[in-house]
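Visitor: I'd like to ask you about the structure that follows.
The values are calculated or read from the model by the stated rules, or taken from the named source; none is laboratory data. Model, not experiment: these values are computed from the prediction. Counting neighbours? That spans all protein chains shown, and the Cβs are built from the backbone with ideal geometry, glycine included. Only protein heavy atoms, including side chains, enter the accessible area calculation; ligands, DNA and RNA are left aside. Shrake-Rupley method; radii C 1.70, N 1.55, O 1.52, S 1.80 Å.
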Amino acid sequence: MTIRVVVADDQELVRSGFVMILDAQPDIEVVAEAGDGATAVEAVRRHAPDVALLDIRMPGTDGIEAARAICRETDCRVLVLTTFDSDEYVHDALHAGASGFLLKDVRRDDLVHAVRVVSAGDSLLSPSVARRLVEDFVRRPRQTAAPRPDRLAVLTTRERETLQLLGRGLSNAEIAAELVVSEHTVKTHVSNVLTKLGLRDRIQAVICAYETGLVTAG
């Protein structure tokens, strides 16, 4: 099955480079390009791609607003391009529904891998990045609802443990070792957690773990 992708970046040379890399893959097709967020959202509506690759900083509608609209209105998965260390808005992209993060200087193979991973329904967030992003995120003052630990009442004890370990940024293999179960069992627990809590992917599960107080920063 061909993975259909929309690429959005206001820097034409950068965008063209990403397009060339992705179009060279036998299982990936770039169906549209965009130089700003509004055009990207419209392209996703028109072409119904599997993945949208969005630069976070674009004129007009930026990558965050575009990601929010795309995730709210469609089933398209979003990969955010960021400089990470200097980008103040990447935390908001978490809540917007982004399924992964890539550095702007991403290697060719890593870009291709990321698109494939996200299109398969997984999220792309290494344990170290998960901890750094989310802990920084929860320290920021935000006007949000108070933590709701009761939201976790629908989970079994083992599912709560799984969510807590997800919040710490552990991989499936690491969770399996911690709980002394198979990776297949962990995948089942993760799937149950996402379904019961109405979460899109592991990234949102990490946020949920922090917002409900199951995991605390630091």
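Visitor: Of M58, M20, which has the most accessible area and how do the rest follow, probe 1.4 Å?
Guide: On the way: M58 15, M20 140 Å².
Of M58, M20, the descending order of accessible area is M20, M58.
Visitor: Let me ask you something else. Describe numerically, in nm with one decimal, the distance between label points set 7 Å from Cα along Cα→Cβ at R200 and at T2.
Guide: Distance between the two pseudo-spin positions: 2.6 nm.
Visitor: Counting only protein heavy atoms, what percent of the accessible surface of segment 10-123 is carbon or sulfur at a 1.4 Å probe?
Guide: On the way: 2380 of 5170 Å².
Looking at segment 10-123 in its full context, I get 46 percent from C and S.
Visitor: What is the distance in Å between the Cα centroid of segment 30-66 and that of segment 188-203?
Guide: 26 Å
Visitor: Counting only heavy atoms of protein chains, what accessible area per residue, in Å², does segment 1-114 have with a probe of 1.4 Å? Provide the component values of the computation, followed by the final result.
Guide: Values: 5150 Å² over 114 residues.
Accessible area per residue, segment 1-114: 45 Å².
Visitor: Here's something else I'd like to know. How big is the accessible area of L102 in square angstrom, nearest 10, if you roll a 1.4 angstrom probe over the protein chains?
Guide: 10 Å²
Visitor: For Q11, what is the net charge nearby, where nearby means another residue's Cβ is under 13 Å from its Cβ and Lys, Arg count +1, Asp, Glu -1? Numbers along the way, then the final one.
Guide: On the way: positive: R15, R57, K104; negative: D9, D10, E12, E33, D36, D55, D105.
For residues surrounding Q11, the net value is -4.
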